[in-house]
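Only one structure is covered here, and it is reproduced in the block below.
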Ligand SMILES: [Zn+2]
């Protein structure tokens, strides 16, 4: 785990997915039906370039591939790794579905996302992000005692093997040059929902089980730590409220969860604050000291666009709590956690544009605050000293201002040099 020093203050980053237009979903289906058809892969390449350019045009500091090579953020991983079958009938948001469960031991094979990551890195000059599902999330949703015991006797055995596989995957992503690796773990947010914890009705039947935060959260954190250990990338954990068709699976602020992340060894947790019944900025008082936060300030659930002022207002409230240096800015969640979510690509673009405009205003505010009261008087004192000493020929000052690429702040650099004869 390494915090990238290159990322700018209050940098903007996507959570991962962009809405997949019908044509992209068609191409993904064709890819699955005809995996050797190069024309389908070439067409997908073009659409992924479009997803990257869209984020660049919106002004994002960090870009993803929109997850346009994935049918869905977890399903794609399960399909590529193997060992799963869609044979468990569940109810989700009033729909009866066939859910995948692990039925065979996952075969160990080459990393499954290396080609996708290489394409992303090769097709943008911006910082890059790639998301992986966390071991705990996959174990909660895809291990079931009626189907999975032959493959893995317990969910913990399954999670241990997932951790091994995902650690290799993450290391390869970092070697390819991905700047930000994110582990998606909305399952951690389940502990924030009082109704779910009390065993009351919930939108997703897979979540009707006994929960034990004291045992399960440390196990989830340990699995993430094992993946993050030694990674040469900025590592994020994303914990949202599981959006499906503009509705969340769970509700609740992060107060029950954040104190349990004391041992989490990643750089940043990406949380939701833009939508009611998710995070409250007062939750940030409980953020463990070793963690920074990706502040979710753009609502991805409703169709309505927030004003730039509303978006910036949530960020300002977060900055007041944590200071400007522990905060990055992002939408609440990805725009398409499932295959065909309602948001359009234009809605996503407009929301990202407003996010980056809010970031620009916030950086300007910070720059004005920090440069006027802090640097101005110092600079004038240095100029006076320069004048006084240079006249006596005792010492020569060279001064310059360097502006690191992407940084909103001027960093003065003063070099001292003895006079030469
Ligand atoms: Zn999410």
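Details
- Highest-MSF residue in the chain out of 168, 180, 237 [GNM, Cα springs under 10 Å]: 168
- Share, in percent, of DSSP beta bridges within segment 61-211 that are antiparallel, nearest 5: 55 percent
- Taking 0.36 nm per residue of separation and subtracting the Cα-Cα distance, full extension of the segment from residue 36 to residue 110 would add 24.8 nm.
- Alpha-carbon centroid distance for the pair segment 11-31 / segment 208-281, whole angstrom: 24 Å
- For segment 83-136, the alpha carbon convex hull comes to 146 Å³ per residue, rounded to a whole number.
- Tilt relative to the chain, helix 345-370 - C-alpha long axis, 0 to 90 degrees, to 10: 30 degrees
- Among 155, 248, 110, residue whose mean-square fluctuation peaks in a GNM of the chain (springs only between Cα atoms under 10 Å): 110
- Scattering curve values for segment 18-146, log₁₀ I(q)/I(0), Debye with Cα scatterers, q = 0.19 Å⁻¹: -1.19
- 10 Å binning of all Cα-Cα separations within segment 17-94, expressed as whole percents from 0 upward: 16, 41, 30, 12, 1
- GNM flexibility winner over the chain from 97, 351, 200 (Cα, springs under 10 Å): 200
- Taking the longest Cα principal axis of the chain as reference, the axis of helix 155-176 is set at about 40 degrees.
- Rounded tilt (10° steps) of 308-322 against the dominant C-alpha axis of the chain: 80 degrees
- Projected label points at residue 87 and residue 164, each 7 Å from Cα along the beta carbon direction, are separated by 2.3 nanometres.
- Cα-only Debye scattering, segment 232-286: base-10 log of I(q)/I(0) at q = 0.30 Å⁻¹: -1.30
- Segment 90-194 - Rg over Rh from alpha carbon coordinates, Kirkwood radius: 1.03
- Label-to-label distance, nm, for residues given as residue 246 and residue 29 (7 Å Cα→Cβ offset): 2.4 nm
- For segment 22-362, the share of DSSP beta bridges that are antiparallel, to the nearest 5, is 30%.
- Counting only DSSP beta bridges whose two residues both lie in segment 30-147, roughly 80 percent are antiparallel.
- Using all pairs of distinct alpha-carbon atoms, the Kirkwood hydrodynamic radius of the chain works out to 22.9 angstrom.
Every number here is computed from the coordinates shown, using simple stated rules; none is lab data. Since this is a predicted model, take the numbers as computed values, not measurements. When we count neighbours, we look across all protein chains shown, and the Cβ atoms used for this are built from the backbone with ideal geometry, even at glycine.
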